[in-house]
Structure formats: structure tokens, C-alpha cells
Amino acid sequence: MADTAFPIAGAVPGGRLAALFRHLGRRLVPWLVPLAILVVWEVAARVGWLSSRVLPEPLAVVKAGVALAASGELLQHVRVSAGRAFTGFAIGGGLGLLLGLLTGSFRKVEIALDTTLQMIRNIPPLALIPLVILWFGIDETAKLFLIALGVFFSVYINTFHGIRSVDPALIEMGRSYGLKGWSLYREIILPGALSSILVGVRYGLGFMWVILIVAETISAQAGIGYMTMNAREFLQTDVVLLGIVLYALLGKLADVAARQLERRWLKWNAAYTAA
Amino acid sequence: MNIDNIELDQVRQARSEIQGLDIDVYGLIKRFGDRQVLHGLDLAIAPGEFVAIVGRSGCGKSTLLRLLAGLDGESAGEIRLDGRPAAAHKEDVRMMFQDARLLPWRTVIQNIAIGLTGSRQEVRERALEVLARVGLADRADEWPARLSGGQRQRVALARALIHKPRLLLLDEPLGALDALTRIEMQRLIESIWKQQQFTALLVTHDVSEAVALGDRIVLVEEGRITLDESVALVRPREHGEPAFARLESRVLKRLMTIEAVTSRNQIRGRVADIVLDDVLSEVRIETPAGVVTSTVLTRSLSEQPLEIGAEVLATFKSNEVVLAAA
Ligand SMILES: Nc1ncnc2c1ncn2[C@@H]1O[C@H](COP(=O)(O)OP(=O)(O)O)[C@@H](O)[C@H]1O
Ligand SMILES: [Mg+2]
């Protein structure tokens with residue numbers, strides 16, 4: 001009896017350990033390939049297969065990052081770029097939300113504005129760069145204008161459609177329970193349009209980074225784009241690469257933030273709580 | 001003198017809180033563009049009466065309810081609720097729809113509290129109270145998406161009841177539920193109606209539901225009332241009782257003759273076989289499309305005999321035809 005009890009008792013922690021390894025394995029495996037690439041890259045750079053003028057070794061990028069961070073320069077550039085991006089986003093997104101709510105809610109405003117907006121929408125914001133430079137020169141306003149324009153349409157369109165696709169049956173129900181005006185808006189129309197609005201916000205964030213990068217690369221006196229273009233002049237490929245990595249990180253951060261908003265505001269929707 | 005008047009007012013108010021609305025509809029006409037849906041409909045319902053409305057789909061039942069709820073205006077004719085137009089009684093009238101129409105972004109209890117005013121605490125207490133009455137007190141803080149169809153309809157019922165309606169309009173509220181849940185809900189609605197004595201108007205496509213719940217069964221045909229039948233059975237009514245089944249088959253037959261007049265969903269054929277049984281019999285009909293089987297109450301077969309080889313018209317309801325990929 002005692003003999004059979006022992007191996008079973010021993011098997012339990014063993015099983016748990018195996019489960020732990022399996023769990024860790026599942027978390028780690030996706031990172032193996034990127035890690036291998038980094039290692040091969042590092043080795044190739046050290047052995048001399050890769051010229052540092054083409055691609056600096058990963059460690060050099062980290063070192064450049066540390067050095068720039070220590071001098072405070074890095075934070076300064078990131079702050080300028082992020083400030084620029086979010087100011088443009090706030091202007092464009094705010095206007096898009098406002099106009100989308102108006103055209104979505106009032107037929108008259110839709111008739112007056114929507115056709116015009118749809119026409120402008122067909123112009124890619126980046127195609128406007130020469131014109132924008134003529135209007136605003138190459139200073140801050142031009143960049144904000146381009147970013148705001150790009151963000152505006154994705155938020156506008158999705159807000160408009162969000163409002164229009166709120167289930168009319170729910171609106172009728174709300175009316176029959178005495179909701180009207182602002183209370184109907186707050187209880188039914190806005191929450192009903194919210195998931196679509198957030199889709200617009202996420203697309204807008206994507207746009208925001210692309211346009212920011214292009215605008216900063218063309219001309220800037222500060223910011224990540226300025227840092228990389230400056231480094232290019234001096235053939236500092238490690239700093240150029242650092243700039244690229246920073247853009248990627250900031251983009252990812254904005255996307256994560258948007259996802260968090262979705263998870264928080266749409267927690268009633270099973271599609272957003274599952275992930 | 002003065003005091004008397006105040007007392008009289010209070011009595012009046014107390015009574016109006018308990019009593020159902022009195023409905024009078026004269027010559028009601030509703031048009032949508034050139035399309036006329038209601039063709040001079042007349043209907044009188046006493047306070048506290050339970051009226052079941054049946055009729056083929058598209059005949060204007062929902063339109064009638066929406067006009068009574070003041071959600072839409074009549075094109076001509078008149079609606080009087082306690083002698084006043086429908087728009088004056090919006091607070092007294094509540095409607096339940098086929099889909100529960102709960103707000104997915106609000107919890108069960110928030111859904112019930114919609115349109116209520118008052119302190120948070122007080123609203124919550126009242127909401128919990130009605131929620132308990134429909135048997136869902138323990139689900140107060142869940143999202144509607146987590147509930148079954150029957151539970152959602154219970155929440156919708158609670159949401160209507162919390163306003164102490166004097167007229168409850170029910171637009172096929174049980175149509176999407178399974179048979180067992182449906183009978184449970186019928187009992188619940190009946191018991192609450194008995195307690196609160198509101199006037200109730202139930203649209204249903206299920207004749208047995210109309211017989212189970214209605215004081216009267218009203219048939220709407222092409223925007224008019226063509227049958228108005230009192231149901232003199234004692235409550236609660238059992239589906240198996242002979243008197244119940246007789247009335248059900250009479251109304252059904254009346255409905256079917258209307259449907260036979262229209263040319264949709266019917267197949268001409270010959271009776272090939274009749275399999276008799278105690279209650280339900282089967283009639284097999286040979287049609288160009290194959291054999292169609294019809295289940296008929298044996299009683300109605302004896303009232304209206306069929307012979308093998310007789311020419312018949314098989315008609316079926318469009319919402320009971322099941323489609324499967326071939
Ligand atoms: N808002 C509307 N606009 C145009 N036609 C409508 C509208 N509402 C209902 N109808 C038409 O009125 C007829 C009756 O509809 P309804 O009252 O919903 O029928 P039922 O509830 O009896 O099935 C239908 O033919 C429908 O297409
Ligand atoms: Mg209907």
C-alpha cells in the first residue's frame with residue numbers, strides 16, 4: 001500500500017514541473033527565431049561579413065542608444081516627435097470625431113458636408129506635401145497639418161459609419177422608454193458607435209506614424225527624424241538604426257494603448273474580452 | 001369641500017395607478033407613402049382586458065401596436081386611451097418586442113433602470129425587486145450577452161414592469177423561444193398581469209398562445225379586424241383540455257382559410273392516404289413536388305371529412321418552412 005502511494009505522491013510535483021516547462025516553452029518559442037537572427041547578425045558583423053556602413057552590429061545600436069540617453073539628447077528627440085505626433089492626432093482626430101458625430105447625427109449637416117469631405121478624402125495626404133510646403137514652409141505647422149489631415153479622415157469616416165449603423169431597433173426602444181436628445185445620445189447612440197470609432201482611432205494612429213516619419217525625414221530641427229537624418233550625414237548607421245527602432249517602439253506603444261481602450265470601453269463585447 | 005376634492009383626487013390617482021388603460025380605436029388608417037397598411041380598423045378594449053391578436057405576417061399588427069405606443073402617428077382615424085390621444089399616455093404604455101432589445105453595453109440591472117429617475121440606491125432597489133419577480137435576481141450585474149433568449153425576454157419584461165404600465169403591448173415577444181420556455185413565460189406574463197391588472201395586447205403567431213392567454217382573440221386581416229372571439233375558458237388554461245383544443249382548431253381553421261385565399265406557399269394535390277389516430281391524424285397528399293404530410297386534429301377531420309383521392313390545397317406558413325442545403 002505504502003509502496004504504491006509513494007510514486008503517486010512524487011508524480012504530482014513532477015507533473016507540475018512538466019506543465020511549467022510546457023508553459024514556458026510556449027512563451028519562449030516565438031522568440032527563438034528573432035533571437036537567432038540577432039545572434040547571426042552580431043556574429044556576421046564581428047567577423048567582418050557585414051560592413052558597419054551597411055548595417056551596424058546590434059550591440060552598437062544599443063550602445064548608441066545608451067550614449068544618447070545619457071546625454072539627454074534621446075529623450076529630447078523622442079519628446080519632440082511624440083509631442084508632434086499626438087498634437088496632430090488630437091487636432092485631426094478631434095475634428096474628425098466632431099464632424100463625424102455631426103454628419104452622422106444630422107441629415108442636414110451630412111447633406112451640406114459629406115460630399116465635400118468624401119471628395120477631399122480621395123487625395124492621399126502625402127501627395128499634398130509640395131503644396132503644404134508652399135503654404136506653410138517647412139516648419140512645424142506643415143507637419144501638424146499633414147498628420148491632422150491623415151488622422152482626420154480615418155476617425156471621421158468610422159465615426160460617421162458608427163453612428164449610422166447603430167441598431168434602429170435600440171433607438172426605438174430608447175425613445176419608447178422616454179429617452180431623447182442628449183440622454184438618448186449618451187445611453188444608446190454613442191456606446192453603439194464606440195467600437196467603430198475606436199477602429200478609426202487605431203487606423204488613425206497608424207497613419208499618424210507614417211506621416212510623422214515622412215514629414216520629419218523631409219525637414220526638422222528636432223525629433224527622431226532629425227536625429228536619423230543628421231546621423232546619416234555623418235554615416236552613423238547605428239544612430240539611424242536606433243531611430244528606426246524608436247519609431248517602431250512608439251508605434252507599438254500607441255497600438256497597445258488603443259487596444260487597452262478597446263478592452264476597457266468594450267468589455268461588454270465578448271470579442272474584446274477574450275483576447 | 002376643499003378637502004373632499006383633494007381626497008377625490010387622491011382616490012382617482014390611486015385608482016389610475018392600479019387600473020389598466022381603456023382603449024378605443026375608431027376607423028384607424030395608416031399609410032406609408034402610397035402603401036396603406038391599416039384600412040379603418042376599429043377596436044375597443046376594456047381596462048384590464050387581455051387581448052390576443054393573430055394574423056398573417058405583414059397584415060399590420062406591429063403597426064397597430066406602434067401607433068398605440070405613440071411611436072408613430074396615425075394617418076386618419078382616432079386612438080383614444082382613457083379618452084385622450086396616445087401621445088398623452090406615453091408614460092403609461094410599455095412595449096415588449098420579439099427581440100429583447102437590451103443594450104449590450106449595459107448590465108442587466110442598468111438595462112432595467114433605463115429611463116428611470118431618482119437616486120441610484122433607490123433605482124437599484126426597485127430594479128432588484130422587479131428582477132426578483134421575473135426570477136433573475138442573481139443575474140443583476142451580468143452582461144446581456146451572457147443570458148439565454150428566455151432570460152433576455154425576462155429582463156425585457158422586468159424593464160417594462162418597473163414603469164408600472166397601464167397598457168402592456170407585447171409584439172410576438174415569445175416567438176423566438178423554445179416551446180418549454182415559451183409556456184413558462186406565458187405563465188409568468190399571465191400571473192403578473194393578474195397581479196397588476198394592466199391592459200394587455202399580445203401579438204402572436206401561435207394560436208395556442210392566443211387561446212392560453214387572451215380574454216379575446218382578435219384576427220387582423222389586411223389592416224382590418226375580421227374576427228373577434230371571446231375566450232370563455234377558466235384560467236389557468238391547460239393546453240390539453242378539449243374546449244381549449246376546439247377553440248384553437250377553430251381559430252386555426254379561420255386563419256388557414258385566409259392563407260388559402262392568397263397564392264403564396266401552396267401546393268395543389270390529391271389525398272393519398274389518411275392515418276387516423278386518437279388526437280392527431282396524418283393526411284398524406286400527393287403533389288407534383290412529392291408527398292406532403294399534414295398533421296390534422298382528428299376532431300376536425302370528423303367535422304370536415306376528407307376522402308382519399310380528393311383534390312386539396314396544401315398551404316404552409318412561410319416562417320415554418322425549414323431550409324437546408326440540397
Ligand atoms: N416604417 C415603414 N415604412 C414603410 N412600410 C412599413 C413601415 N412599417 C411597416 N411597413 C409595412 O407595413 C406592413 C405591415 O407591417 P407590420 O405592421 O410590421 O406587419 P405585422 O407586424 O403584422 O407582420 C408591411 O407590409 C410593412 O412592409
Ligand atoms: Mg410584426
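The table for this structure:
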| read-out | value |
| --- | --- |
| Solvent exposure, largest accessible area first (probe 1.4 Å, DNA, RNA and ligands not counted), of A:L98, B:L68, B:L227 | A:L98, B:L227, B:L68 |
| Kirkwood hydrodynamic radius over Cα pairs of chain A, then Stokes diffusion coefficient at 20 °C and 1.002 mPa s, in µm²/s | 94 |
| Accessible area of chain A belonging to carbon and sulfur atoms, whole % at 1.4 Å probe | 71 |
| Those residues of region A:152-196 for which accessible area with every protein chain present is at least 50 Å² below the isolated value (1.4 Å probe) | A:L170, A:E172, A:M173, A:S176, A:Y177, A:E187 |
| Accessible surface of A:D238 - all protein chains present, 1.4 Å probe, nearest 10 Å² | 40 |
| Chain B, accessible surface, carbon-and-sulfur percent (1.4 angstrom probe) | 50 |
| Debye log10 I(q)/I(0) at q = 0.05 Å⁻¹ for the protein assembly as shown, Cα point scatterers | -0.42 |
| Total lysine pairs whose alpha carbons fall under 27 Å of each other in chain A (8 or more apart, or interchain) | 5 |
| Simple spin-label estimate for A:L134 and A:L24 in nanometres, 7 Å along Cα-Cβ | 6.4 |
| FRET E, pair B:L323, B:S148, Förster distance 30 Å, beta-carbon r, rounded to 0.05 | 0.75 |
| Which of B:Q186, A:L149, B:L252, positive extreme of dipole for the protein assembly as shown (C-beta unit charges) | A:L149 |
| Potential extension, B:R235-B:E78 segment - 0.36 nm per residue separation minus Cα distance | 53.2 nm |
| Estimated FRET transfer efficiency when R0 is 45 angstrom, pair A:Y272-B:H39 (beta carbons, to 0.05) | 0.40 |
| Volume of the Cα convex hull of region B:16-258, divided per residue and given in Å³ | 127 |
| Reduced Cα scattering model of region A:125-206, Debye log10 I(q)/I(0), q = 0.12, 0.18 Å⁻¹ | -0.50, -0.75 |
| 1.4 Å probe, heavy atoms, protein only - residues of region B:38-79 losing at least 40 Å² accessible area vs chain alone | B:L71 |
| The protein assembly as shown: calculated mean residue ellipticity at 222 nm from DSSP helix runs of at least 4, using -39500 (n - 2.57) | -18500 deg cm²/dmol |
| If the convex hull is drawn through the Cα atoms of region B:261-325, its volume per residue in Å³ | 114 |
| Complex-versus-alone comparison for region B:141-164, residues with a loss of 50 Å² or more in accessible area, probe 1.4 Å | B:W143 |
| Dipole of chain A, positive direction: furthest Cα of A:F234, A:L50, A:G174, with charges on the beta-carbon | A:G174 |
| A:L98/A:V245 FRET efficiency (R0 35 Å; Cβ-Cβ; nearest 0.05) | 0.50 |
| Amide N of region A:222-251 lying under 18 Å from the label point, which is placed 7 angstrom from the Cα of A:R53 along Cα→Cβ | A:231-241 |
| A/B buried area, accessible surface, summed, 1.4 Å probe, Å² | 1700 |
| DSSP beta bridges in the protein assembly as shown [antiparallel fraction, %, rounded to 5] | 70 |
| Per residue accessible area of region B:16-258, 1.4 Å probe, in Å² | 42 |
| Cα-centre dipole for region B:201-311 with unit charges at Cβ (Lys and Arg positive, Asp and Glu negative), debye to 20 | 220 |
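The values are calculated or read from the model by the stated rules, or taken from the named source; none is laboratory data. This structure is a prediction, so every number in the text was calculated from the model and none was measured. Methodologically, a virtual Cβ is constructed for each residue, glycine included, from the backbone with ideal geometry; neighbour enumeration extends over all protein chains shown. We work out accessible area using only protein heavy atoms, side chains counted, and drop any ligands, DNA or RNA first. Shrake-Rupley method; radii C 1.70, N 1.55, O 1.52, S 1.80 Å.
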